[in-house]
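Student: Quick one: this structure, given as structure tokens, is what I'll be asking you about.
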Amino acid sequence: MKFRKQLINWLFIISQKIYTQLFKKHQPWNIHKKDLLQLPKDSFGYHLGSFLQKNGFELIPKVERHDAYHVLTGYSTNVEDEIALQWLCFGNGKRSKYMYGVIILGTVILPDYYQYYKKSYRKGKQANTFHHLDYKELLQTPIEDLRRCFFTNEEVKKLRQTQLDNSTI
């Protein structure tokens, strides 16, 4: 399984560059992690900055929304979570060629997680639509308020607990 996950990571790296250059036409946010970490601690933007800090990332120009999805939904950056996040977005109504590629290849290469992907799809289906939002405009919004707009109370509680667990690591 280790080799299969490495293969998917390699495919992510290669495809991300191609996808952002050829298909993403909108303007990048031009916001850096340090700017996000200056926002109020309860804000979505601060949590996005913390996510980037924890993972050693900066926002990737033109695909900043992807990291916003991670923060909103609580999915990590490990391979199976990256694929599950695409399944969740598919369930939520998002459609893109890149997403289809990740779902198809990810599921074929890592079928061991199919039940997890299916659960993620259902979670996206049950959530209010969030895939189309302009997250740059929501950076000041309290993360709890944002999550309550899209997920059930039970799901928000799980996300809060995951967030607390991750902050003590």
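Student: List the lysines whose Cα lies under 16 Å from the Cα of residue 119, skipping any in the same chain that are fewer than 8 positions away.
Tutor: 158
Student: What do you get for chymotrypsin sites (Phe, Trp or Tyr not before Pro) in segment 19-78 restricted to DSSP loop and a cutoff of at most 14 other Cβ within 10 Å of the site's Cβ? Let's see the in-between values first.
Tutor: Working: sites: 19, 23, 29, 44, 46, 51, 57, 69, 75; in loops: 23, 29, 57, 75.
Loop-located and lightly packed - 23, 57.
Student: Which of the three applies to segment 1-65, rounded, prolate or oblate, going by the alpha-carbon gyration tensor with a ≥ b ≥ c and a/c under 1.5 meaning rounded?
Tutor: On the way: a/c = 3.47, a/b = 1.45, b/c = 2.40.
It comes out oblate by the Cα gyration axes.
Student: Further question on the same structure: Determine the gain in length on full extension of the stretch residue 20-residue 114; use 0.36 nm per residue of separation and subtract their C-alpha separation, reporting nm with one decimal. Mind showing how you got there, number by number?
Tutor: Values: separation 94, 0.36 × 94 = 33.84 nm, distance 2.75 nm.
Extending this stretch completely gives an extra 31.1 nm.
Student: Tell me what the chain gives for mean residue ellipticity at 222 nm when only DSSP H runs of n ≥ 4 count, each as -39,500 (n - 2.57), the sum divided by the residue total, rounded to 500 deg cm²/dmol. Walk me through the intermediate numbers first.
Tutor: Values: 9 runs with 109 residues, N = 169.
Helix-only estimate at 222 nm: -20000 deg cm²/dmol.
Student: Now a separate question. Treat the count of other C-beta atoms within 10 Å as a stand-in for reagent exposure and order 162, 141 from fewest to most. Mind dumping the intermediate values first?
Tutor: On the way: 162 14, 141 17.
Final ranking by Cβ density, sparse to dense: 162, 141.
Student: Straight-line reach from residue 41: which aspartates and glutamates fall under 18 Å, measuring Cα to Cα and dropping same-chain residues less than 8 apart?
Tutor: 67, 137, 144, 145, 165
Student: Measuring from centroid to centroid over Cα atoms, what is the spacing of segment 114-169 and segment 1-59 in Å?
Tutor: Centre-to-centre (Cα) distance: 17 Å.
Student: Then there is this: So what's the chain giving for Cα Rg divided by 2.2 N^0.38 Å, two decimals?
Tutor: On the way: Rg = 15.5 Å, N = 169, 2.2 N^0.38 = 15.5 Å.
After normalising by residue count via 2.2 N^0.38 Å, the value is 1.00.
Student: Now, a different point. What FRET efficiency comes out for the pair residue 148/residue 53, r = Cβ-Cβ distance, R0 = 22 Å, nearest 0.05? Walk me through the numbers on the way to the answer.
Tutor: Values: r = 25 Å, r/R0 = 1.12.
My answer for the efficiency is 0.35.
Student: Give a quick list of GluC sites (Glu not before Pro) in segment 1-90 that DSSP marks as loop, anything other than H, G, I, E or B, with at most 11 other Cβ atoms within 10 Å. Don't jump to the answer; show the numbers that get you there.
Tutor: Numbers: sites: 58, 64, 80, 82; in loops: 58.
Here no GluC sites (Glu not before Pro) fit, given the DSSP loop and packing criteria.
Student: Got a sec? How would 47, 131, 32 order by Cβ neighbour count within 10 Å, fewest to most? Write down the numbers at each step before the final one.
Tutor: Values: 47 24, 131 20, 32 12.
Fewest to most other Cβ atoms nearby, the residues stand as 32, 131, 47.
Student: List 36, 164 from most exposed to least, where exposure is judged by having the fewest other Cβ atoms within 10 Å. Mind dumping the intermediate values first?
Tutor: Working: 36 23, 164 9.
Listing 36, 164 from fewest to most nearby Cβ atoms yields 164, 36.
Student: Using 0.36 nm per residue of separation minus the Cα-Cα distance, give me the extension gain between residue 163 and residue 39 in nm, one decimal.
Tutor: Values: separation 124, 0.36 × 124 = 44.64 nm, distance 1.77 nm.
Once the chain is fully extended between residue 163 and residue 39, it gains 42.9 nm.
Student: Counting other Cβ atoms within 10 Å of each Cβ, which trypsin sites (Lys or Arg not before Pro) in segment 86-160 have at most 16 and sit in a DSSP loop?
Tutor: On the way: sites: 94, 95, 97, 118, 119, 122, 123, 125, 136, 147, 148, 157, 158, 160; in loops: 94, 95.
For trypsin sites (Lys or Arg not before Pro) across segment 86-160 that sit outside H, G, I, E and B with at most 16 neighbouring Cβ atoms in 10 Å, the list reads 95.
Student: If amide H atoms are built 1.01 Å from N in the plane of the peptide, which residues on other chains or at least 5 residues away come under 5 Å of the amide H of residue 43?
Tutor: Residues meeting the amide H criterion: 143.
Each value in this text was obtained by applying a stated rule to the coordinates, not by laboratory testing. Being a predicted model, the structure only gives us computed values, none of them experimental. Backbone-built Cβ (ideal geometry, glycine too); neighbour counts: all protein chains shown.
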